[in-house]
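What follows is calculated from the coordinates using simple rules that are stated; it is not laboratory data. Since we're looking at a predicted model, the values are computed, not measured. Cβ placement follows ideal geometry from the backbone for every residue including glycine, while neighbour counts extend to all protein chains displayed.
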């Protein structure tokens, strides 16, 4: 027991305080197939964290984990339009690719109104049901 107490003391303050954050992202009721999500400090102090959204889900852990505190959340995504467009340089002339469009409104990214509180302990499940209206 006497050896255990000094070892416990060495773990106090271990890590950088970042925590795992996960959740779902939908747009007009449908999962966002592919996109990105970012958590920025609402007070502008500290580091931002972010990652990918795949099939409506995201998990930020390890190097992508989030510092606790109030956050501004920014979500971006693109989708295929069903049309083909010329790829342009450096692809050979005439190379066609799927056209994509940004479809998440600015109120969820550039001018985001989304916020959440990331806590130092407990569950950090944050779901974002976005709408086009």
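General observations
- Selection count, the range 16-44, where residues are assigned to a strand (DSSP E or B) and either under 14 Å from residue 65 (Cα atoms) or touching a helix residue (DSSP H, G or I) at 6+ places or on another chain (Cβ under 7 Å) (or both): 9
- Residue check, residue 47 in a loop (DSSP other than H, G, I, E, B), within 30 Å of residue 124 (Cβ to Cβ) and without any contact (Cβ under 8 Å) to a residue 24 or more places away in the chain: yes
- Considering (1) crowded, with 18+ Cβ neighbours inside 10 Å; (2) free of Cβ contacts under 8 Å to residues at least 24 places away in the same chain, the lone condition that residue 63 does not fulfil carries the number (1).
- Remark: residue 69 matches the filter, which requires a residue to be under 21 Å from the mean Cα position of the chain (by Cα) and surrounded by 12 or more Cβ atoms within 10 Å (Cβ to Cβ).
To keep it simple, each residue is scored yes or no on (1) surrounded by 12 or more Cβ atoms within 10 Å (Cβ to Cβ); (2) part of a strand (DSSP E or B); (3) touching a strand residue (DSSP E or B) at 6+ places or on another chain (Cβ under 9 Å).
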site: 73; (1), (2), (3): yes, yes, yes
site: 82; (1), (2), (3): no, yes, yes
site: 89; (1), (2), (3): no, no, no
site: 94; (1), (2), (3): no, no, yes
site: 104; (1), (2), (3): yes, no, yes
site: 111; (1), (2), (3): no, no, no
site: 120; (1), (2), (3): no, no, yes
